[in-house]
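First the structure, in the form of structure tokens, and then the observations on it.
The values are calculated or read from the model by the stated rules, or taken from the named source; none is laboratory data. The structure displayed is predicted, hence computed values, not measured ones. All Cβ positions, even for glycine, are placed from backbone atoms using ideal geometry, and neighbour counts span all protein chains on display.
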Amino acid sequence: MGGHLSGSRSLRIRGRPRARHPLLARRERRWPGSPENWKTFLNDFGYTSDKASERFRGNPIDLVPQIVRGKFPMLHVCGDADEVVPMAENTDIFEQKVKARGGNIRVIRKPGVGHHPIA
């Protein structure tokens, strides 16, 4: 949940922090965790089907302008061998967009490390 937490720290949906959803970008069939986690995502954001969730635009990657306006520094510590939340689909895109808007982000890439780079 670290990447999503730092990316959406100041943003809320339906009055609740969105930190329990771990991805920076929602990708079809790439949701980590259990089917129960997926059901929680659908319920929390009011979707009744997988198809309906495709229009979701509440991920940090979608909200970079608002996040950068918060002016808080962000630190992502990522394993470059993460297959659960691949950097190329998440942090790399987020980092590029944040930097393009003048945001403050630092990414530490841990070579050969998987999903839990600091465990």
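List the residue pairs whose Cβ atoms are under 8 Å apart, where the first residue sits in region 92-117 and is on the phi > 0 side of the Ramachandran plot, the second is modelled with pLDDT of 95 or more and not hydrophobic (A, V, I, L, M, F, W, C), and the two are 6 or more positions apart or on different chains.
none
Hey, among GLY70, GLY79, GLY102, which residue is farther than 19 Å from TRP38 by Cβ and touching a Pro at 6+ places or on another chain (Cβ under 8 Å)?
GLY79
Take VAL107 and decide whether it is of a type in the set (Val, Ile, Thr) and not in a loop (DSSP other than H, G, I, E, B).
Yes; evaluated as a whole, the condition is true for this residue.
Condition check: within 23 Å of ARG57 (Cα to Cα) and either in a loop (DSSP other than H, G, I, E, B) or of a type in the set (Ser, Thr, Tyr) (or both). Does VAL84 satisfy that?
So VAL84 passes the test.
Which of the numbered conditions does TYR47 fail, given that it passes all the others? Conditions: (1) part of a helix (DSSP H, G or I); (2) more than 13 Å from the chain's Cα centre (by Cα).
Unmet condition: (1).
When residues of region 63-93 are filtered for being surrounded by 15 or more Cβ atoms within 10 Å (Cβ to Cβ), modelled with pLDDT of 90 or more and over 15 Å from HIS116 (Cβ atoms), how many remain?
Looking only at that region, the number is 7.
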